Amino acid sequence: MTAQDEAPPFDILIIGGGINGCGIARDAAGRGYSVCLAEMNDLASGTSSWSTKLIHGGLRYLEYYEFRLVREALSERELLWSIAPHIIRPLRFVLPHQKGLRPRWMLRLGLFLYDHLGGRKLLPATKTLDLRQNPAGTPLKEGFSTAFEYSDCWVDDARLVALNARDAADRGAMILTRTQVTAAERKDGLWHVGLTDTESGEVRQVRARMLVNAAGPWVDNVLHTAMKRNDVRNVRLVQGSHIVVRKLFDHDRAYIFQNGDGRIVFAIPYEGDHTLIGTTDRDYTGDPAKVRASEDEIAYLISAAGEYFKAPITRDDVVWTYSGVRPLFDDGASKAQEATRDYVLKLDQDIGEDPALVNIFGGKITTYRRLALSVMELVEKAIGTKGAAWTSKPALPGGDFPTTGFDDLVEDLARAHPALDRKLITRMAHAYGTRARTILDGVNAPEDLGETFGAGLSAREVAYLMDNEWARTAEDVLWRRSKLGLAVDEAGAARLAHFMTERLAKVA
């Protein structure tokens, strides 16, 4: 018997370090279950970092009669804002009326439902704008006279994942990144799981009473490769691509544009000096790890936004693109944009006989917490109940300040560190909330932050991310724990990579 076999089995082993996996790990660990999460790459390295960065009900889903999904998502907006007010903030959306598309009465009805389905309390209600008088009309072409303005929220998606993982670990979960589940077998009432370190190749065995397959686009692949199941085909992969361009407008609102093909495109203020435009919807059949925005998609987004904005947008204005694959449940919908965004959970177990397996298909960042609650109901049926549901109140790491108190937090940090640039203070507050105090403890002058790599990124901040948020590479830091890759040049990125490699070598 190996040392691993002698170790007590985990209650739950979760495959996948995206928002669903990390949300489930947090919920389960907080209830007292022993949890291990294995992610083959970095946290949020798949779908969860390539979203449109919104906590939203999904206004357009009302057209497909997905009222339960919209109601659940709307009810989550203010709850998530309350537990993570540093990485989630309110955002007003301007929906111009376009003649010949959805009529005004339909838009008004949809927004009336949107305002009243989800128990909105702090977010402002919908209102009508005269674009000929309102600043929101300034960047738009002539001819748009009426718009509707409504509320949703913006989120730093990849940081939401990292903070759920951090909280799960603080509550006892084991979080393993760069660790792939390469074998999983039911034996003697337990799952016997082979975990392979993707950097060293080292393999270890663990046991678990239950498996949760939250591998996102790879959920079927896990069933095929690790479990030798060749009879499954559940996932419909739908590609969504975005472009980032120079800033197209000066105000802090976002736009939602209707297109002639029935789809919608968002244009959102992004990282200070940019505008994020997306998304597309098309079926994808390749390797999810190799998905890239195609030239056709880029041209589509440029054209769609160009129907509304006065200033022309060209391919040369695109400074960055990103693309992700949504692992939607294959419900047989004829068009990718019509496939359900609702999550589907499949329990694979003969109750009382085999250790349970839960497979997760679909889902949205907005409803990740509700998905975790649904998974925990299956966990309780399979292996018994421990603690009660709890995730609606306690803040995520750094979010322990009043929902509307972000500006006060910035002022507090600025008073404590008057020598630091205000822009840096604000970014740190957005990224880390009250835990920015930990990073900045003892910093009295900029040089106390150590080596800098550009855009205010310092050795002290990177060390925190390595020690507390599983960052191991420059890409982890620049494109997932932050989006500073938009501002840090190649030389700075190279120095960052060297710093992290040296630091990892010292730890090893």
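The values are calculated or read from the model by the stated rules, or taken from the named source; none is laboratory data. Remember, it's a predicted structure, so these values are computed and weren't measured experimentally. All Cβ positions, glycine included, derive from the backbone under ideal geometry; neighbour counts span all protein chains shown. Quick note on the areas: whole protein, heavy atoms, side chains included, nothing else; ligands and nucleic acids left out. Shrake-Rupley method; radii C 1.70, N 1.55, O 1.52, S 1.80 Å.
Quick notes on this one:
- Loop chymotrypsin sites (Phe, Trp or Tyr not before Pro), the stretch 49-107, which have at most 14 other Cβ atoms in a 10 Å radius of their Cβ (DSSP): Tyr65
- Rolling a 1.4 Å probe over the protein heavy atoms of the stretch 17-110, with every protein chain left in place, gives an accessible area that is 58 percent carbon and sulfur.
- Evaluated on the stretch 124-271, the Kirkwood hydrodynamic radius is 20.5 Å, with distances taken between all distinct Cα atoms.
- Note on the chain: helix-only mean residue ellipticity at 222 nm, from DSSP H runs of 4+ residues weighted -39500 (n - 2.57) and normalised by residue number, equals -9000 deg cm²/dmol.
- For the stretch 96-144, the set of trypsin sites (Lys or Arg not before Pro) satisfying both a DSSP loop assignment and a count of at most 12 other C-beta atoms within 10 Å is given as Lys99, Lys121, Arg132.
- Whole-Hz couplings from phi, Karplus 6.51/-1.76/1.60, listed for the stretch 257-271; x for Gly and Pro: 10, 7, 10, x, 8, x, 8, 10, 9, 9, 10, 10, x, 9, 6
- Per residue, the stretch 221-268 exposes an accessible area of 40 Å² to a 1.4 Å probe, with every protein chain left in place.
- Peptides ranked, highest mean first, by Cβ atoms within 10 Å: ranges 248-256, 395-403: 395-403, 248-256
- Stokes-Einstein D in µm²/s, Kirkwood radius over Cα pairs - the stretch 368-444 at 25 °C with 0.890 mPa s viscosity: 165
- Overall form of the stretch 379-508 per C-alpha gyration tensor (a/c, 1.5; a/b vs b/c): oblate
- Classified by the C-alpha gyration tensor, the stretch 1-127 has a prolate form. Its axis ratio a/c, with a ≥ b ≥ c, is 1.5 or above, and a/b is larger than b/c.
- Rounded percent of accessible protein surface that carbon and sulfur make up, the stretch 117-228, 1.4 Å probe: 45
- Based on the reciprocal of the average 1/r between different C-alpha atoms, the Kirkwood radius for the chain equals 23.9 Å.
- Nonpolar atom fraction for the stretch 346-471, defined as the carbon and sulfur part of the 1.4 Å probe accessible area, stands at 47 percent.
- Sparse packing (at most 12 other Cβ atoms within 10 Å of the Cβ) combined with a DSSP loop state is found for the following GluC sites (Glu not before Pro) in the stretch 113-195: Glu142.
- The residues of the stretch 1-101 have, on average, 30 Å² of accessible surface per residue, using a 1.4 Å probe with all protein chains present.
- Dipole magnitude of the stretch 92-208 about its Cα centre (Cβ charges: Lys, Arg +1; Asp, Glu -1), debye to nearest 20: 600
- Mean sequence separation of contacting Cα pairs (under 8 Å, at least six apart), scaled by the length of the stretch 362-508, corresponds to a relative contact order of 15 percent.
- Amide proton proximity set for Trp154, modelled H, under 5 Å, gap of 5+: Ile55, Arg89, Leu91
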